[in-house]
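> I'd like to ask you about the structure that follows.
The values are calculated or read from the model by the stated rules, or taken from the named source; none is laboratory data. This structure is a prediction, so every number in the text was calculated from the model and none was measured. Note that we place each Cβ from the backbone using ideal geometry, even for glycine, and neighbour counts take in every protein chain shown. For the accessible areas, the whole protein counts, side chains as well, though only heavy atoms, and no ligand, DNA or RNA atoms are used. Shrake-Rupley method; radii C 1.70, N 1.55, O 1.52, S 1.80 Å.
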Amino acid sequence: MLVAGCGEPSVSALAPAGEAASEIARITWIMIAATLLLMVVMSALGLHAVYRRSDGPVGPSPLAVILAGGVIVPTVVLLALLIFGVRSGDGMLPVGEAAVEVRVTAHQWWWQFEYRDAEGQSIFTANELHLPVGEAVDIVVESEDVIHSFWVPALGGKIDAIPGRANRIRLRPTETGQFRGQCAEFCGAQHARMAFDVQVHAVDDFHDLIADMGGLDRSNAGPTAGREAFEQHCMECHSRYTARDHEGPNLARLPERRWLGAGTVSNTSGNLREWIAGHQALKPGNRMPDHSALDDDTVEALARYLEEQ
Amino acid sequence: MTPPGWTIRALLRLSAGLIVWASGFVFLYAGFSLGCQLWAPPPEDGLSNPVTLMLAGFMLVHLAAMLTLGWLWWFRPVVAAADESESSRRIRHRVEGLVLACSIFALVWIAFPVFMVAPCAG
Amino acid sequence: MNETAGVSEDRRELTRLFSTPPGFGRLAAVNHSVIGLRFMLVAAMFFILGGLLAMLLRAQLAIPGNEFLDNEAYNQIFTMHGTVMMFLFAIPLIEGLALYFIPKFLGARDLSFPRLSAFGFWCYLFGGLILLGSMFAGVAPDSGWFMYTPLSGREFTPGINADVWLIGVTFVEVSAIAFGIELVATVLKVRSAGMSLGRMPLFGWYILITALMMVIGFPPLILASILLEIERAFAWPFFDVALGGDPLLWQHLFWLFGHPEVYIIFLPAAAVVSMMVPTFARRPLVGYHWVVGAIIATGFISFGLWVHHMFTVGIPHLALVFFSAASMFVALPTTIQFFAWLATLWQGRPVRRLPMLYLFGFLFIFVCGGLTGVMLALVPFNWQAHDTHFVVAHLHYVLIGGFVFPVIAALYYWLPLFSGKEVSGRLGQWAFWLLFIGFNLTFLHMHLTGLVGMPRRVYTYPEGLGWEWLNLVSTIGGFIMTAGFAALLLDVIATVRTGAPARRNPWQAGTLEWSLDHPPAVYNFASLPEVRDVEPLWEQPDLEEDVRAGRGYLGRARNDWQETLGVHAISGRPDQIILLPGPTYMPLITASCLLVFFLSFLLGIYWLSAIGAAASLLAALRWAWAGGLDRDWPDQDAGQGLKLPLHPQVIEAPGWWGMLAGLLCNGTFFITALFGYLYLWAVAPQWPPESFIDTGMLLPAATVLAAFLALLAFHRAVGNNASGQGRPVPALLAAGLMSALALAGCAMQIATGLPHPTTHAYVALTTFLLGYCGLHALIAGVLGVYCWLRLRAGYVSARRSLDLRLARIWAGYTAAVMIIVVVLVQGMPLLLGEAS
């Protein structure tokens, strides 16, 4: 229930596909049930106190009411909850070795993900996070500018990206599939459009994918006109080589992405062309300089170049 | 004519337990933060580490202070101010006792997780 | 017959004395009823504004991909919605409520410092207008009401928007501090005869603790705002991580204020509930001391919760657990209050009236908000729910359920008293159901909106994530709620304008305010009652008639004095006659000088800002000058055969308590600044700095010595004045001189021992702390001169020593902070110093 229909990636904390998220979803349902029960009881007590039949004093002695309702019952309930919460939270901490470590750098308003290949070489992608199912993954979160927060509701809790710090959160996906992650801390003009695509693969597929991504260089792919336009207009901030850490999102894997502009629009050929020249209209205030002056031919050339695999 | 200091002492006494609690809270949180910076015991050590030991010490010291206040409350109850009615004095005495009970409860409540988890993990 | 004529003569005279002049004279008003109503009216205006802003937000979120508002407008509007509701509606409404009612509940004619509350009103109005004006100029704050750095810093918010927030809100906070000081002194000193602490209506306890919480809770925010404004204006890096600052310091300071703030808002709401429940249950509240204990416990424990707003910032788990545990524990005092109310209703014979309906709304909605609050206190759940719409739903359940509903109940409950009109009830019931249904339709399922993944503060969201109908229903519910507020407004206006005259004490309540005229006379009580119970009207049937007939205390008007009783703080025994000030423009003038200071700082005209600051200090001194007596008076007849001294001739005068409350506030500010210094030293990444303070030991030692000599000199002056042996004048001049030397010592340590503050957070904070000490030495010096002038003008004598004693307290505080700061800033580098 309450999960988005087919085709759309899951965004719900109540449709968990990770170990921490499952644990939290379970306690959420228990707490919701308890909350509803207590609300019914409290409302009933309140209504009874005023709309009772007898006119004179009723009920147990005031001291008993205050002690039982105000002290004993809440103490028992809260203490149980607290002990449970401490144990449960402790179990989610990133203690011990993780199988995979992904470094995440949050930017206004997009995400950079950095993996290591077998030789320890860095691989950079943007706005797409790939994870192996069933393995412990540590996400190490940093920020390039303001405070952001890394959050994939279906997999687990969130952790803030804070300038000057490297925070760590442990995820362990339990199902393969596609999920949506997003920034949860207000980070300025386009906080709303700072999502990323999460894909959980079978372990072997994941390692194959990392191997494919490593050293992927599409700088020289495609027709010359597009390449030249890219060098002229885009290369200061973007790269089509996964080993390169640039100011803007790495575009080597753009053809494989599901979205453009960190979840702003889906990655269709029409949207790509609209985005190149009109990204400031689609995502006002984003940090990419305005390109609305580009002529149609240049846009077309750039789009073809970027689509080239 | 009671001197002004008497009034202030009476007001402080009313909330003495929670003042000790506040001190305990500061010691626990600050001690924990500095302890983890200073010693950084690895989570594998579990509860046998200097930070947990120190926090336990802070808790016991504050608990002892609260129990002393409890002794005072029992054997040296507040006295009435000049012209103060007995009912008013009794209310102050009761509030003082409730506040003290609350503070002991609250101290144990926030401190017992110290003995549940390794301190500096996460 | 003759007696009646005398009574009406006295009442005419009291009316003349306590009235606010007409026309422009209204600007000089200081009467607590006038100021309290103004606070509440302006707060209501801001509530309407904040509500309209919320409607714009809900309209934008009604459908996915909506283009009704763009991101800039949305971010300004959600920031302003939060800011307006928290700072310009909730807190000022509480202030207005307490300013208006406290003297009426406690049996007094006015507050302890009526001019201070007038000053607070002008600060609130001016600060609010700055924020309001920015919205019309299109430069409203847009970094969220929490203003997290570095987003709110110069680099990421280059415009004036963030400065508007910092300066506007700080200006408004001045009024909160003024209120806190005023109410601490009032509740402790300005009550009716016989009202011991244990017989005070619970409202008094609630407001005493709330006022203390404001005095302690607001300084962290004021400090944080000052630091951030200095960082933005002059590039001193307090929060800039690259230069030794830490953005988390902002969060700690902000939430150190921000969480107590929630209880500052809730406690007064619980206070009005505790006043209404006994009335409608027809019996005194059961468990009075339980409730008092619960209020005190809430006051303390609410300061141990702030990190639960920061569970996701990467603090070690055990630290989160401390705050998680405290957050759950704080539910206990609240449940105790709930069950005390319930037990009262069970023990009594409840009557069902319109305010009770709203109290049900309160019960239902606030309990739900409290329970979701417990959920959020659970660390793992918080990791999921934090910064989602779940929290939006939770906080509205707490604030609307725990504040707005009780306040509406209170509005209907006291409407007959302050408007003199009967409440009819029909439209009020309609309003209730619209509000109740609209509220739940907006927020109940919004918990779910958050859990299915929708974060807060997004101006738009894509289709297909399952958020569409959840948001649409919330928007519809929001508009229904708006209709409810409109109905409420109509009903109140109709009642006030065309309602039937109210019967006296229509709910048959037992507290003192219902013995007043409906609406109350400007002087409240024709003579001041002697009370023997929490609900005196129930236990002392003759009280009302005696008070009216002038058979209480201070029933006669004399010497053009506005008098009220001061009592011993604990026992309620009368110990002085407080002379209240009449209408004066000084609060407005002082607030206007502050306006010059703040506004020119906002616009970057720093020289004018400096003039504004100096003018404010002078205006404050001129204002202080107007108080006091220029000759010794014998004890005066207070009625009932009692002779009492006038307040300037008493050791424990209200001003003495006000000074203590003020220093408590100042001390919290200071300790928070020390916390910032130690916090950055321990936690911030770019430490240690390149070099430490380097002044040698002589200069700091001399600075501390000068501060202590100044204290000694003030002490000497007080002693000479009291004993009459030796003249206080030379001692005062020595005190002024020594303070000037201490000031110079601070300035020289900054000038010779430190690099420029823009180089590192260490330098910036050290400079700030030394500057703080220097400012205090400066004020101590000014006070020395002031006391000398007062002495010369004849305002000080052996019996009238308050000016001197207050100056001595200030000098003592100055010496204390001086030695702490000097030992800290000189000692820490010696102890831990290893410059990078």
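> Restricting to region B:65-80, what's the tally of residues that are open to solvent by 60 Å² or more (accessible area, probe 1.4 Å) and either in contact (Cβ under 8 Å) with a residue 40 or more places away in the chain or closer than 16 Å to C:LEU197 by Cβ (or both)?
The qualifying residues number 1.
> Given the criterion among the hydroxyl-bearing types (Ser, Thr, Tyr) and more than 11 Å from every other protein chain (Cβ to nearest Cβ), identify the matching residue among B:SER48, B:SER15, B:SER33. Talk me through it step by step, then tell me what you get.
Numbers: B:SER15 fails: more than 11 Å from every other protein chain (Cβ to nearest Cβ); B:SER33 fails: more than 11 Å from every other protein chain (Cβ to nearest Cβ).
Being among the hydroxyl-bearing types (Ser, Thr, Tyr) and more than 11 Å from every other protein chain (Cβ to nearest Cβ) holds for just one of B:SER48, B:SER15, B:SER33, which is B:SER48.
> When you scan region C:352-392, how many residues do you find that are open to solvent by 10 Å² or more (accessible area, probe 1.4 Å), farther than 21 Å from A:MET39 by Cα and within 9 Å of another protein chain (Cβ to nearest Cβ)?
Going through region C:352-392 one residue at a time, the tally reaches 3.
> Can I ask one more? Taking the options C:SER134, C:SER152, name whichever one is outside any helix (DSSP H, G or I), open to solvent by less than 10 Å² (accessible area, probe 1.4 Å) and of a type in the set (Ser, Thr, Tyr). Before the answer, list the steps.
Details: C:SER134 fails: outside any helix (DSSP H, G or I).
It is C:SER152.
> Only residues in region C:531-542 that are without any contact (Cβ under 8 Å) to a residue 24 or more places away in the chain count as the first member; pair them with residues that are assigned to a loop (DSSP other than H, G, I, E, B) and open to solvent by 80 Å² or more (accessible area, probe 1.4 Å), Cβ under 7 angstrom, at least 6 apart or cross-chain, and list the lot.
From residues that are without any contact (Cβ under 8 Å) to a residue 24 or more places away in the chain, the pairs are C:GLN540/C:ARG532.
> OK, next. Just wondering, is there one or more residues in region B:1-13 that are surrounded by fewer than 18 Cβ atoms within 10 Å (Cβ to Cβ) and farther than 30 Å from C:TRP657 by Cα?
No: region B:1-13 contains no residue that is surrounded by fewer than 18 Cβ atoms within 10 Å (Cβ to Cβ) and farther than 30 Å from C:TRP657 by Cα.
> Same structure again: Exactly one of these conditions fails for C:ASN471: (1) in contact (Cβ under 8 Å) with a residue 40 or more places away in the chain; (2) polar (S, T, N, Q); (3) crowded, with 23+ Cβ neighbours inside 10 Å. Give me its number.
(3)
> Continuing with the same structure: Which pairs turn up if I take residues in region C:415-434 that are in a helix (DSSP H, G or I) and look for partners that are of a type in the set (Ser, Thr, Tyr) with beta carbon separation below 7 Å, at least 6 apart in sequence or on another chain?
C:LEU415/C:THR495; C:SER419/C:THR495; C:GLY428/C:TYR412; C:PHE432/C:TYR358
> Moving on to the next point. Out of the residues in region A:17-68 that are facing another protein chain (nearest Cβ under 8 Å) and acidic (Asp, Glu), which is most open to solvent (accessible area, probe 1.4 Å)?
By that ranking, first place goes to A:ASP55.
> Right, here's the next one. Among the listed residues C:ALA331, C:ALA343, which satisfies the condition of being buried (at least 24 other Cβ atoms within 10 Å of the Cβ) and either more than 28 Å from the chain's Cα centre (by Cα) or at the interface with chain A (Cβ under 7 Å from one of its Cβ atoms) (or both)? Can you show your working first?
On the way: C:ALA331 fails: buried (at least 24 other Cβ atoms within 10 Å of the Cβ).
Matching residue, one of C:ALA331, C:ALA343: C:ALA343.
> Would you confirm whether or not region C:621-637 contains a residue that is in a strand (DSSP E or B), under 22 Å from C:VAL184 (Cβ atoms) and open to solvent by less than 40 Å² (accessible area, probe 1.4 Å)? Don't jump to the end; show me each part of the working.
In the first step, residues of region C:621-637 are kept if they are in a strand (DSSP E or B); the result is C:636-637.
Okay, now just the ones that are also under 22 Å from C:VAL184 (Cβ atoms), so none.
No: zero hits.
> If a residue has to be part of a helix (DSSP H, G or I) and either more than 23 Å from C:PHE146 (Cα to Cα) or within 27 Å of the chain's Cα centre (by Cα) (or both) to count, how many in region C:294-320 make the cut?
Step one: list which residues in region C:294-320 are part of a helix (DSSP H, G or I), which gives C:294-304, C:306-309, C:317-320.
From the residues that got through so far, the ones that are either more than 23 Å from C:PHE146 (Cα to Cα) or within 27 Å of the chain's Cα centre (by Cα) (or both) too are C:294-304, C:306-309, C:317-318.
Residues meeting the conditions: 17.
> Which is under 20 Å from the mean Cα position of the chain (by Cα) and open to solvent by 10 Å² or more (accessible area, probe 1.4 Å), of C:PHE105, C:PHE101, C:PHE78, C:PHE113? Lay out the reasoning, then the answer.
On the way: C:PHE105 fails: open to solvent by 10 Å² or more (accessible area, probe 1.4 Å); C:PHE101 fails: open to solvent by 10 Å² or more (accessible area, probe 1.4 Å); C:PHE78 fails: under 20 Å from the mean Cα position of the chain (by Cα).
Sole residue among the options that is under 20 Å from the mean Cα position of the chain (by Cα) and open to solvent by 10 Å² or more (accessible area, probe 1.4 Å): C:PHE113.
> Restricting attention to region C:580-601, and to residues there that are in a helix (DSSP H, G or I) and of a type in the set (Val, Ile, Thr), which single residue is nearest to C:LEU166 (Cα to Cα)?
Step one: filter region C:580-601 for residues in a helix (DSSP H, G or I), giving C:586-601.
In the following step, the residues that additionally are of a type in the set (Val, Ile, Thr) were identified as C:589-590, C:596.
Numbers: C:ILE589: 23, C:THR590: 20, C:VAL596: 16 Å.
Selected residue: C:VAL596.
> Being farther than 18 Å from A:ARG258 by Cα and within 14 Å of another protein chain (Cβ to nearest Cβ) is the filter here; which residues of region A:190-243 pass it?
Across region A:190-243, the qualifying residues are A:GLN190, A:HIS191.
> Would you mind finding the one in C:ILE400, C:ILE408, C:ILE480 that is modelled with pLDDT of 95 or more, assigned to a helix (DSSP H, G or I) and open to solvent by 30 Å² or more (accessible area, probe 1.4 Å)?
On the way: C:ILE400 fails: open to solvent by 30 Å² or more (accessible area, probe 1.4 Å); C:ILE408 fails: open to solvent by 30 Å² or more (accessible area, probe 1.4 Å).
C:ILE480 is the lone residue from the list that is modelled with pLDDT of 95 or more, assigned to a helix (DSSP H, G or I) and open to solvent by 30 Å² or more (accessible area, probe 1.4 Å).
> Now for a separate question. Would you confirm whether any residue within region C:442-460 is of a type in the set (Phe, Trp, Tyr), farther than 30 Å from C:LEU202 by Cβ, in a helix (DSSP H, G or I) and modelled with pLDDT of 95 or more?
To start, the set of residues in region C:442-460 that are of a type in the set (Phe, Trp, Tyr) comprises C:443, C:459.
Cutting the leftovers down to farther than 30 Å from C:LEU202 by Cβ gives us C:459.
After this cut, where a residue has to be in a helix (DSSP H, G or I) as well, the list is none.
Within region C:442-460, none of the residues are of a type in the set (Phe, Trp, Tyr), farther than 30 Å from C:LEU202 by Cβ, in a helix (DSSP H, G or I) and modelled with pLDDT of 95 or more.
> Looking at region A:84-120, which of its residues are outside any strand (DSSP E or B), away from chain B (no Cβ under 14 Å) and open to solvent by 60 Å² or more (accessible area, probe 1.4 Å)?
Within region A:84-120, A:ALA99, A:ALA118, A:GLU119 meet the criteria.
> Kindly indicate which of A:ARG165, A:ARG172 is surrounded by fewer than 24 Cβ atoms within 10 Å (Cβ to Cβ) and more than 7 Å from every other protein chain (Cβ to nearest Cβ).
On the way: A:ARG165 fails: more than 7 Å from every other protein chain (Cβ to nearest Cβ).
Selected residue: A:ARG172, the only one of A:ARG165, A:ARG172 that is surrounded by fewer than 24 Cβ atoms within 10 Å (Cβ to Cβ) and more than 7 Å from every other protein chain (Cβ to nearest Cβ).
Every residue, every condition in (1) aromatic (Phe, Trp, Tyr); (2) farther than 30 Å from A:LEU63 by Cα; (3) at pLDDT below 95, yes or no:
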| residue | (1), (2), (3) |
| --- | --- |
| B:TRP6 | yes, yes, yes |
| B:ALA10 | no, no, yes |
| B:ILE19 | no, no, no |
| B:GLY31 | no, yes, yes |
| B:MET66 | no, no, no |
| B:PHE75 | yes, no, no |
| B:LEU98 | no, no, no |
| B:TRP109 | yes, no, no |
| B:PHE112 | yes, no, yes |
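> Condition test on C:GLY604, is it part of a loop (DSSP other than H, G, I, E, B) and surrounded by fewer than 20 Cβ atoms within 10 Å (Cβ to Cβ)? Lay out the reasoning, then the answer.
Values: part of a loop (DSSP other than H, G, I, E, B): yes; surrounded by fewer than 20 Cβ atoms within 10 Å (Cβ to Cβ): yes.
In short, yes.
> Would you tally the residues in region B:81-104 being crowded, with 17+ Cβ neighbours inside 10 Å, more than 7 Å from chain C (Cβ to nearest Cβ) and without any contact (Cβ under 8 Å) to a residue 40 or more places away in the chain?
So the answer is 3.
> Taking region A:51-101, which residues are of a type in the set (Val, Ile, Thr) and in contact with a helix residue (DSSP H, G or I) (Cβ under 6 Å, 6 or more places away or on another chain)?
First, pick out the residues of region A:51-101 that are of a type in the set (Val, Ile, Thr): A:58, A:65-66, A:71-73, A:75-77, A:83, A:86, A:95, A:100.
Result: A:VAL58, A:VAL65, A:ILE66, A:VAL86, A:VAL95.
> To continue, here is another question. Give C:LEU56, C:LEU27, C:LEU88, C:LEU37 a once-over and let me know the one that is assigned to a helix (DSSP H, G or I), over 20 Å from C:ALA591 (Cβ atoms) and at pLDDT 95 or above. Full working, then the answer.
Values: C:LEU27 fails: over 20 Å from C:ALA591 (Cβ atoms); C:LEU88 fails: over 20 Å from C:ALA591 (Cβ atoms); C:LEU37 fails: over 20 Å from C:ALA591 (Cβ atoms).
None of the other options fit; the residue is C:LEU56.
> Now for a different question. Of all residues in region B:105-122, how many are more than 7 Å from chain C (Cβ to nearest Cβ) and without any contact (Cβ under 8 Å) to a residue 24 or more places away in the chain?
Final tally of qualifying residues: 3.
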